[in-house]
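First comes the structure, then the notes that go with it.
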Number of protein chains: 2
Amino acid sequence: MRDTFDEQLSQVFGDLVSICGMVQVAVNVATQALLEGDITLAEEVISGDRAIDVAREEVEENAIGMLTLQAPVARDLRSVVAALRMVTELERMGDLSVHVAKIARMRVPNIAIPDEVAPTIRKMAEVAEDMVVRVGQIIADRDVSAAIELGRDDEIMDGLRRASFVELLSDDWSHGVEAAVDLALLGRYYERIADHAVSIAQRIVFVVTGETDKRVG
Amino acid sequence: MRDTFDEQLSQVFGDLVSICGMVQVAVNVATQALLEGDITLAEEVISGDRAIDVAREEVEENAIGMLTLQAPVARDLRSVVAALRMVTELERMGDLSVHVAKIARMRVPNIAIPDEVAPTIRKMAEVAEDMVVRVGQIIADRDVSAAIELGRDDEIMDGLRRASFVELLSDDWSHGVEAAVDLALLGRYYERIADHAVSIAQRIVFVVTGETDKRVG
């Protein structure tokens with residue numbers, strides 16, 4: 001029974017790591033679609049989201065099966081409950097990438113983002129993607145110190161978001177209302193992806209230590 | 001043991017219903033703060049969010065305690081797992097009300113919303129608040145048919161959101177970039193509150209029937 005549980009848990013955590021990989025691709029491709037006004041890439045992210053949903057359902061079924069059949073306690077229980085929550089957050093991160101891709105698609109054949117603000121968006125996307133990669137590693141290694149570090153780096157995203165507001169609300173803004181609204185919403189989507197990464201990192205701290213680390217996030 | 005479990009579950013679901021009440025107040029007061037440019041009301045929502053967080057922690061502890069001590073199966077397990085998820089969504093709905101209140105606070109002594117679009121915002125807020133009230137009742141009564149109905153009404157919010165985009169992207173828009181961005185983000189926040197209500201309704205369908213009802217949401 002013990003071996004079975006450990007194997008199943010390791011399978012579930014492995015699946016979470018794969019979903020991180022899928023989310024990373026979604027963030028990356030959605031951003032490319034956005035910056036290049038590429039409808040094929042945008043459609044790829046939008047239709048590809050189904051695979052993340054399917055993977056999420058599988059993790060949920062396995063985790064609930066483990067609760068039913070094995071009635072875990074203590075750290076084992078924390079791990080299964082955390083897996084259920086992390087997979088919900090990963091699915092949301094996929095949905096947020098779809099929102100980015102949809103803004104890209106809506107503006108084709110134009111590019112939603114004016115040249116001047118492309119670097120800010122590119123930087124936000126890089127930070128978001130990097131956080132997704134790191135959180136995959138944090139899940140794989142149950143790495144508490146990397147989780148705490150990730151929480152601290154969330155400030156970088158907050159800074160970028162503030163910078164984007166300064167740009168779009170400045171008197172020099174010459175790109176009109178539509179581009180400003182796109183930029184504000186895109187900033188929100190990338191910020192939420194980062195927030196979810198931080199939240200997943202917090203759950204790993206909880207899995208390993210049984211404590212909610214207040215330094216994270 | 002059986003009696004204890006039922007009592008505890010009914011306590012947890014009762015707590016979820018109270019949190020719905022707190023969220024309803026948050027949505028209502030945040031909207032009032034927004035439409036009246038009232039900083040006291042805005043601060044009330046922002047500081048009041050702590051109470052929702054505390055209530056969420058309590059539900060989580062109780063639910064995890066039930067999983068540990070009682071190792072429920074079948075519908076009982078579904079109920080406890082669903083409670084853990086619903087409380088996360090309710091907390092997010094509180095956070096989204098805080099976002100609305102923060103936009104209100106940022107623009108004081110001005111009002112973030114131009115008079116012409118106040119009716120759209122008011123309507124979005126009403127729909128969101130109504131959905132929160134109904135989802136509280138759906139949790140209290142484990143009411144599957146009301147849950148399915150709530151999922152259908154989500155379209156009303158989508159329609160309002162589209163209407164707000166038509167307003168802010170029209171050539172007649174004369175309120176500048178800042179008001180447009182505020183309106184776009186506010187629309188997003190109310191829409192997410194509604195999305196979470198629909199998602200909670202779906203979880204109640206799952207608790208009662210064991211099936212994910214595809215007609216919801």
Single residue of the stretch A:189-217 satisfying the filter (open to solvent by 10 Å² or more (accessible area, probe 1.4 Å) and outside any helix (DSSP H, G or I)) that is nearest to A:M131 (Cα to Cα): A:G217
Residue among B:A33, B:A63 that alone is closer than 22 Å to A:A83 by Cα and buried (at least 20 other Cβ atoms within 10 Å of the Cβ): B:A63
Check on A:R161, open to solvent by 10 Å² or more (accessible area, probe 1.4 Å), more than 30 Å from A:R75 (Cα to Cα) and within 14 Å of chain B (Cβ to nearest Cβ): yes
Residue tally, condition within 12 Å of A:F13 (Cα to Cα) and more than 10 Å from chain B (Cβ to nearest Cβ), over the stretch A:77-95: 5
Test: residue in the stretch B:100-117 that is open to solvent by 60 Å² or more (accessible area, probe 1.4 Å) and closer than 24 Å to B:G159 by Cβ: yes
Residue match in the stretch B:105-126 (condition: more than 18 Å from B:S164 (Cβ to Cβ), hydrophobic (A, V, I, L, M, F, W, C) and without any contact (Cβ under 8 Å) to a residue 12 or more places away in the chain): yes
Residue check, B:S79 surrounded by fewer than 17 Cβ atoms within 10 Å (Cβ to Cβ), in a helix (DSSP H, G or I) and not aromatic (F, W, Y): no
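Just to check your reading of the model, which residue among A:L186, A:L168 is assigned to a helix (DSSP H, G or I), out of contact with any Asp or Glu (no Cβ under 8 Å at 6 or more places or on another chain), more than 8 Å from chain B (Cβ to nearest Cβ) and at pLDDT 90 or above?
Of A:L186, A:L168, the one residue that is assigned to a helix (DSSP H, G or I), out of contact with any Asp or Glu (no Cβ under 8 Å at 6 or more places or on another chain), more than 8 Å from chain B (Cβ to nearest Cβ) and at pLDDT 90 or above is A:L186.
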Qualifying residue in the stretch A:76-95 (condition: touching a Lys or Arg at 6+ places or on another chain (Cβ under 6 Å), farther than 30 Å from B:L67 by Cβ and either in contact (Cβ under 8 Å) with a residue 60 or more places away in the chain or β-branched (V, I, T) (or both)): no
Tally of residues being of a type in the set (A, V, I, L, M, F, W, C) and not in a helix (DSSP H, G or I) across the stretch B:1-41: 1
Test for A:V127: is it within 14 Å of chain B (Cβ to nearest Cβ), hydrophobic (A, V, I, L, M, F, W, C) and either within 22 Å of B:P72 (Cα to Cα) or surrounded by 18 or more Cβ atoms within 10 Å (Cβ to Cβ) (or both): no
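The values are calculated or read from the model by the stated rules, or taken from the named source; none is laboratory data. Owing to the predicted nature of the structure, the values given are computational and were not obtained by experimental measurement. Cβ coordinates were reconstructed from backbone atoms using ideal geometry, including for glycine residues, and neighbour counts include every protein chain displayed. Side chains are part of the model used for accessible areas, which takes the heavy atoms of the whole protein and leaves out ligands, DNA and RNA. Shrake-Rupley method; radii C 1.70, N 1.55, O 1.52, S 1.80 Å.
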